[in-house]
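Let me begin by presenting the structure, written as structure tokens, before commenting on it.
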Ligand SMILES: Cc1ncc(COP(=O)(O)O)c(C=O)c1O
């Protein structure tokens, strides 16, 4: 058990409200005098504690990142060992053992001649950014006019755009500094395959979240979509980028979501769970075919002018390696299989409730979609928010996506804790939806 400490909660909250700006957060509400943010101070396994020693189940794996649990001795030890050597060194012009070993281990997860090369970055967004830029330069180096990217409506792949738009990249050399990806959003595979031939010939790559669109509220793709997309892109010489930032490392029940449809994309982006939920790191994996034009000669034109200060960070790589080791040392995926089935059985209790429009499950991800009880003026998104706040009082932390409540805890959660999580959600939904919601939410 991690050591307890005395915290001055009131002082921390006051300083937070005075100095901090939180992501995706309406700061007016956050800073309101009656809002008491939780100050999370320690964790163990699937549990977190706040500064007042209240215990919670980490119901969304600390924003979908944690896999083996908090404060895992194996990952802790790996980071501590690396820390004794060095925390960070430049990856521009140098290499380091942790990054090299991680690249080798990750490539080793895929069959030969599929994904063979690793580009490092810091988070899901920059991993995707690297993938897009690699594809753009790939086609340029091949002398092709293919430049159009296709993405699926409701998809989410990150939120960086502004930094590069500010310019001055050109001073590092290479073309494409001022480039913005031309993206066409489409709604379905059928819509994609119906595009006219001339348009198809201009497609550089299609990007997809495999099996489930996470930030869309855990929208599931029809079975077979990914495999059909792979066949369609391959048949037309179009690159396929699979965004496994959310789904990678067991979240959908298999190591990668792609495994479930036997798909090997041309590029794959990994983030979030890569370091077990410990440190920010992402990888853009690519095939040797995509890498080839970048390595065929030493001109500036063939250099990929992209990277960040913390690229290849040794501590993050050590954490990621240790997390990967746990998959081979312990039957992580086998145990998860039984928990996925248990979660499915538990979810029946939620499915039967009157305010539930839909319950979707993809591996160890559960989305509970709320309908609006009573008057149409009641906002189901506000209701979901209120349910998550209420769930805290029952010992569960999670966050809604619009009118969806998400439950996706670390894999190490016990069945008893899973049962408690579903019970907490049930109690919170009952309490919020039955307590005259029109008074609270109109
Ligand atoms: C599928 C997917 N891709 C990319 C991202 C962006 O990752 P990050 O928040 O680490 O930049 C996310 C974040 O939720 C995601 O769900």
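Is it true that residue 274 is closer than 27 Å to residue 186 by Cβ and part of a helix (DSSP H, G or I)? If you could, list the steps in order and put the result at the bottom.
Details: closer than 27 Å to residue 186 by Cβ: no; part of a helix (DSSP H, G or I): yes.
It is false that residue 274 is closer than 27 Å to residue 186 by Cβ and part of a helix (DSSP H, G or I).
Here's the yes/no breakdown for (1) within 22 Å of residue 390 (Cα to Cα); (2) assigned by TED's automatic domain parsing to the domain that holds residue 218; (3) under 22 Å from the mean Cα position of the chain (by Cα):
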residue	(1), (2), (3)
13	yes, no, no
25	yes, no, yes
49	yes, no, no
54	yes, no, no
67	no, no, yes
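Of the residues 305, 294, only one is assigned by TED's automatic domain parsing to the domain that holds residue 271 and in a loop (DSSP other than H, G, I, E, B); which? Lay out the reasoning, then the answer.
Values: 294 fails: in a loop (DSSP other than H, G, I, E, B).
After ruling out the rest, the residue left standing is 305.
Using the structure shown, decide if residue 224 is assigned by TED's automatic domain parsing to the domain that holds residue 123 and over 18 Å from residue 284 (Cβ atoms). Spell out the reasoning first.
Numbers: assigned by TED's automatic domain parsing to the domain that holds residue 123: yes; over 18 Å from residue 284 (Cβ atoms): yes.
The answer is yes for residue 224.
Does region 228-238 contain at least one residue that is buried (at least 18 other Cβ atoms within 10 Å of the Cβ), under 20 Å from residue 366 (Cβ atoms) and in contact with a helix residue (DSSP H, G or I) (Cβ under 9 Å, 6 or more places away or on another chain)?
no
Residue by residue, here is whether (1) in a helix (DSSP H, G or I); (2) at pLDDT 95 or above holds:
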{"site": "210", "(1), (2)": "no, yes"}
{"site": "216", "(1), (2)": "no, no"}
{"site": "226", "(1), (2)": "yes, yes"}
{"site": "229", "(1), (2)": "yes, yes"}
{"site": "240", "(1), (2)": "no, yes"}
{"site": "249", "(1), (2)": "no, yes"}
{"site": "255", "(1), (2)": "no, yes"}
{"site": "260", "(1), (2)": "yes, yes"}
{"site": "265", "(1), (2)": "no, yes"}
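So that you can scan it fast, the table gives a plain yes or no per residue for (1) touching a residue at least 40 places away in the same chain (Cβ under 8 Å); (2) within 30 Å of residue 216 (Cβ to Cβ); (3) surrounded by fewer than 22 Cβ atoms within 10 Å (Cβ to Cβ):
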position	(1), (2), (3)
286	yes, yes, no
292	no, no, yes
311	yes, yes, yes
317	yes, no, no
328	no, no, yes
331	no, no, yes
339	yes, yes, yes
352	no, yes, yes
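Considering only region 82-167, give the helices (runs of 4 or more DSSP H) lying wholly within it that have at least 1 residues that are surrounded by 16 or more Cβ atoms within 10 Å (Cβ to Cβ) and within 16 Å of the ligand (Cβ to nearest atom).
Details: elements: 97-107, 124-141, 162-165.
Per the criteria, 124-141, 162-165.
Kindly indicate which of 284, 197 is on the phi < 0 side of the Ramachandran plot and within 16 Å of the ligand (Cβ to nearest atom). Even if it seems obvious, please write down each step before you answer.
Details: 197 fails: within 16 Å of the ligand (Cβ to nearest atom).
Every option except 284 fails the conditions.
When residues of region 200-219 are filtered for being within 16 Å of the ligand (Cβ to nearest atom) and at negative phi, how many remain? It would help to see each step written out before you state the result.
Step one: filter region 200-219 for residues within 16 Å of the ligand (Cβ to nearest atom), giving 205-219.
In the following step, the residues that additionally are at negative phi were identified as 205-210, 212-216, 219.
Final tally of qualifying residues: 12.
Check every one of the strands (runs of 3 or more DSSP E) wholly within region 1-75 and list those with 2 or more residues that are surrounded by fewer than 15 Cβ atoms within 10 Å (Cβ to Cβ).
Numbers: elements: 40-44, 47-50, 55-58.
Those strands (runs of 3 or more DSSP E) do not exist here; none qualify.
The values are calculated or read from the model by the stated rules, or taken from the named source; none is laboratory data. In this text the structure is predicted, and so the values were computed from the model without any measurement. All Cβ positions, even for glycine, are placed from backbone atoms using ideal geometry, and neighbour counts span all protein chains on display.
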